[in-house]
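Peer 1: Shown below is the structure under consideration.
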Amino acid sequence: MNDNNKVLLQLHRLRVKLKVFLSQFVSPDDVEDIVQDAYVKVWQSRQEQASLPVSDGFVFTVAKNLALDHLRKPHVSRMQSVEETDDALFASGDTTYRDVKAQQQFLHFCESVKQLPPQCRKIFVLKKVYGLKTKEIAHELSLSPRTVEVQLQRAYVKFHQAVEQQRAEANQGQQVMREKGKSSGK
């Protein structure tokens, strides 16, 4: 089997994990598109530097970066709030906006993690914050690797649900503010 076929099999093997991983960042409607874009980027990178192996970590990093790029795109609406404004508008060198936005994202992340059941939360934090592998987490918590995988999948689903709930609440709050602005004659 040649190296290109190995990369294709690797990408195919990672498909479900990539979808679960990306679902914590973007809406389910966008996951498939980002997975496909990640495959294209990885394949292009492979063609440019055929001597370098393609690691799972590289594939996930490409996918995460594409998801973050997707989230940075301005959404088209008739009335944009400051929170929806593209970061490029604040490229003047003042990092205050980006710092505040990063802090808000971190707080949302923490709130979403808090909503996880205790066992899922421990495993999720060990995986996402400390970067431990499944076997390392299993050893650390005296669990089987399969149990860790199942708990991680549950954590990803619950985390994604919490993030979506926060987005819905934020959108609802923005809608209320718009309606208040319209009714007050502004």
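Please treat every number below as a calculation from the coordinates, not as lab data. Keep in mind that what you see is a predicted model, and the values were worked out from it rather than measured. Please note: Cβ atoms are built from the backbone with ideal geometry, for glycine as well, and neighbour counts cover all protein chains shown.
Peer 1: Roughly speaking, what is the stretch gain from Glu149 to Gln104, that is 0.36 nm per residue apart minus the C-alpha to C-alpha distance, in nm to one decimal?
Peer 2: Here the answer is 13.3 nm.
Peer 1: Would you be so kind as to identify which of Val54, Ser27, Ala38 lies farthest towards the positive end of the dipole of the range 1-73, taking Lys and Arg as +1 and Asp and Glu as -1 on Cβ and the Cα centre as origin?
Peer 2: Highest projection toward the positive end goes to Val54.
Peer 1: With the contact rule set at Cα under 8 Å and sequence spacing of 6 or more, what percent relative contact order holds for the range 1-73?
Peer 2: 38
Peer 1: For the range 104-146, which chymotrypsin sites (Phe, Trp or Tyr not before Pro) pass both filters: DSSP loop (anything but H, G, I, E, B) and at most 10 other C-beta atoms within 10 Å?
Peer 2: Passing both the DSSP loop test and the Cβ count: Tyr130.
Peer 1: Sort Phe21, Phe58 so the one with the fewest other Cβ atoms within 10 Å of its own Cβ comes first.
Peer 2: Final ranking by Cβ density, sparse to dense: Phe58, Phe21.
Peer 1: Which value in nm describes the separation of the simple spin-label points at Gln166 and Glu179, placed 7 Å from the Cα toward the beta carbon?
Peer 2: 2.5
Peer 1: State to the nearest 20 debye the size of the charge dipole of the range 113-178 about its Cα centre, where the only charges are +1 on K and R beta carbons and -1 on D and E beta carbons.
Peer 2: 20
Peer 1: Order of Val113, Val59 from fewest to most other C-beta atoms within 10 Å?
Peer 2: Ordered by Cβ neighbours within 10 Å, fewest first: Val113, Val59.
Peer 1: Excluding Asn5 itself, calculate the net charge of residues whose Cβ lies under 13 Å from the Cβ of Asn5, where each Lys or Arg counts +1 and each Asp or Glu counts -1.
Peer 2: Cβ neighbours under 13 Å give a net charge of +2.
Peer 1: Report the local net charge at Glu140: Lys and Arg +1, Asp and Glu -1, summed over other residues whose C-beta lies under 13 Å from its C-beta.
Peer 2: Its environment carries a net charge of +3.
Peer 1: Going by how many other Cβ atoms sit within 10 Å of their own, how do Leu68, Leu22, Leu141 line up, fewest first?
Peer 2: Leu68, Leu141, Leu22
Peer 1: Applying the Karplus parametrisation 6.51 cos²θ - 1.76 cosθ + 1.60 with θ = phi - 60° to the phi angles of the range 14-19, what ³J(HN,Hα) value in whole Hz is obtained for each residue in order, glycine and proline being reported as x?
Peer 2: Along the range 14-19, the couplings run 8, 3, 5, 4, 4, 4 Hz.
Peer 1: I need the calculated FRET efficiency for the pair Glu111 and Gln49, taking r as the beta carbon distance and R₀ as 35 Å, to the nearest 0.05.
Peer 2: Working from the Cβ atoms, E equals 0.30.
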